[in-house]
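Peer 1: Handing you a structure now.
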Amino acid sequence: MDRRPTGVVVLIVAIVAALIGPRILQPGLAGQPFAAPLPEPPQVGACLAVESMAPTVVSCAEPHDLEVTARQGADVRGPREDCDEAAWAYIGRPSVTTVGIWSLELLDTDTARIDAPDGQRAGVRGWSVCVIRPASRTRYLGSVRSLPTVLARPAAYGSCAQGTAGVPTPCNTGHTSEYLGRTGDSISDPNGGDSLNPEPGLPNGVRDNLSEQCTSLAGQLTGNPDPTYAGRLRVDLNIEIYADPMAPGSFTYAASCSLSTADGAMLTDSVVGLGNAALPVA
């Protein structure tokens, strides 16, 4: 009598019992779900180029839009870091922010928080980073990390303007003027008259002093004893006067110092730190 079919049946039954037995004996035992790991955020100091709303890490020597100043992983709990504070810590609070009477207008920044793009998140889970960028939101080269002085910032962080209307323009694109610094003070009305009507304006001595100080500032920031570059640039001093109704007989002035092209030509880069090099004229 051939017993092979009976042996095959016994073997099949044994395999099935081994597979389903534990589930019969322990019906409540189920697989344990777990969250798949998500990508880590870019490192602090990484430069990001944004295309189609998705940030990509690139070399800071290449055109980019943002720099990472703080990071938070997908599963990190707790309050998010303040992006403004992170930006100042990242820049390093550069030592040179004033020259003489002038507060420098050389570092025009904006901060933001961006979250992981769709492909790097699961629902609400995903990394986030604080970033710094030029207020003009233009692409640039270089970095503002640990600046020893604001003079070393990339040109895109400067304050420039175009045309007689003074339309704000990034300093790494075509512009006709670059703002250098601002100052202000409160002085007595030279006429001893009505502080609500401070005309005819500043005493000549005050105006002349501001003009000299503006020219000196332009020379220091360009690194050239002739900040006009043989007359191709013009040192501009703009003064606005405000009456002070709380202090009769006095008024306040606000002055700004800038360099502009004398003939309306377009500059394509900042002149800060230019020294004796050729003007970046289009």
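Peer 1: Among what's in the range 100-113 and is in a strand (DSSP E or B) and surrounded by 18 or more Cβ atoms within 10 Å (Cβ to Cβ), pick the residue that is modelled with the lowest pLDDT.
Peer 2: Among them, the one singled out is Leu104.
Peer 1: So, one more: Sort out which residues of the range 119-137 are in contact with a strand residue (DSSP E or B) (Cβ under 8 Å, 6 or more places away or on another chain) and either within 23 Å of Pro37 (Cβ to Cβ) or of a type in the set (Gly, Ala, Ser) (or both), and write them in order of number.
Peer 2: Correct list: Gly119, Arg121, Gly126, Trp127, Ser128, Val129, Cys130, Ala135, Ser136.
Peer 1: State all residues of the range 43-65 that are under 17 Å from the mean Cα position of the chain (by Cα) and either surrounded by fewer than 12 Cβ atoms within 10 Å (Cβ to Cβ) or part of a loop (DSSP other than H, G, I, E, B) (or both); if no residue qualifies, say none.
Peer 2: The answer is Gln43, Val44, Gly45, Ala46, Ser59, Cys60, Ala61, Glu62, Pro63, Asp65.
Peer 1: Here is a list of conditions, (1) loosely packed, with under 13 Cβ neighbours inside 10 Å; (2) modelled with pLDDT of 80 or more; (3) of a type in the set (S, T, N, Q), and Ser188 meets all of them except one; can you say which number that is?
Peer 2: (2)
Peer 1: Of all residues in the range 260-278, how many are among the aliphatic types (A, V, I, L, M) and over 23 Å from the mean Cα position of the chain (by Cα)?
Peer 2: Count: 5.
Peer 1: Can you name the residue in the range 220-241 that is in contact with a Pro (Cβ under 7 Å, 6 or more places away or on another chain) and of a type in the set (Val, Ile, Thr) and is also surrounded by the most Cβ atoms within 10 Å (Cβ to Cβ) among such residues?
Peer 2: Val235
Peer 1: Has the range 69-76 got at least one residue that is out of contact with any strand residue (DSSP E or B) (no Cβ under 6 Å at 6 or more places or on another chain) and touching a residue at least 24 places away in the same chain (Cβ under 8 Å)?
Peer 2: Scanning the range 69-76 turns up at least one residue that is out of contact with any strand residue (DSSP E or B) (no Cβ under 6 Å at 6 or more places or on another chain) and touching a residue at least 24 places away in the same chain (Cβ under 8 Å).
The values are calculated or read from the model by the stated rules, or taken from the named source; none is laboratory data. Bear in mind the structure is a predicted one, so any value in this text is a computation, not a measurement. Note: ideal-geometry Cβ built from the backbone for every residue, glycine included; neighbour counts use all protein chains shown.
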